[in-house]
Ligand code: SF4
Ligand code: SF4
C-alpha cells in the first residue's frame with residue numbers, strides 16, 4: 001500500500017485573498033504576525049507536530065494581499081492566493 005502524505009493547512013479566505021498556513025512548517029517565530037500591516041494574523045491554539053503554535057488569519061477581511069507574511073516567513077509556511 002502506498003503511503004500518502006497529507007499537508008495540514010490552516011486556510012481562511014476573504015472575497016479577495018486566501019491566507020494559507022502550512023501547519024507543520026511553522027516554528028512560531030512570530031515574524032508573519034509582526035510584519036502584517038493590517039494585523040490579520042494571531043498566534044493560534046493549534047499545536048503542530050513539533051510543538052509550535054502556527055498563526056491563524058483571524059482578521060481575514062483585513063488582508064490586502066501584500067504577501068509580506070509570505071515573503072518574510074523563514075520556513076516558507078505561509079502563502080497567499082488571490083481569490084476570483
Ligand atoms: S498578505 Fe499582507 S495583509 Fe495579508 S496576511 Fe499577509 S501580511 Fe497581512
Ligand atoms: S513567520 Fe513562518 S515560522 Fe514564523 S510564526 Fe509565521 S508562519 Fe510560523
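The values are calculated or read from the model by the stated rules, or taken from the named source; none is laboratory data. No experiment lies behind these values; they were computed from the predicted model shown. Ideal geometry is used to build each Cβ from the backbone, glycine not excepted, and the neighbour counts take in all protein chains shown.
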Original post:
When residues of region 53-71 are filtered for being touching a helix residue (DSSP H, G or I) at 6+ places or on another chain (Cβ under 9 Å) and more than 8 Å from ligand 1 (Cβ to nearest atom), how many remain?
Top reply: 3
Subject >> Residue in region 10-17 that is outside any strand (DSSP E or B), within 14 Å of ligand 2 (Cβ to nearest atom) and surrounded by fewer than 18 Cβ atoms within 10 Å (Cβ to Cβ) present >> reply: no
Original post:
Given (1) more than 7 Å from ligand 1 (Cβ to nearest atom); (2) modelled with pLDDT of 95 or more; (3) out of contact with any strand residue (DSSP E or B) (no Cβ under 8 Å at 6 or more places or on another chain), where does residue 84 come up short, assuming only one miss?
Top reply: (2)
Original post:
If you go through region 31-43 one residue at a time, do you hit one that is modelled with pLDDT of 95 or more, assigned to a loop (DSSP other than H, G, I, E, B) and away from ligand 1 (no atom under 12 Å from the Cβ)?
Top reply: no
**OP:** Quickly run through region 44-72 and pick out the residues that are outside any helix (DSSP H, G or I), surrounded by fewer than 15 Cβ atoms within 10 Å (Cβ to Cβ) and within 12 Å of ligand 2 (Cβ to nearest atom).
**Re:** 50
Subject >> Residue among 56, 70, 42 that is in contact (Cβ under 8 Å) with a residue 40 or more places away in the chain, closer than 23 Å to residue 16 by Cβ and within 11 Å of the chain's Cα centre (by Cα) >> reply: 56
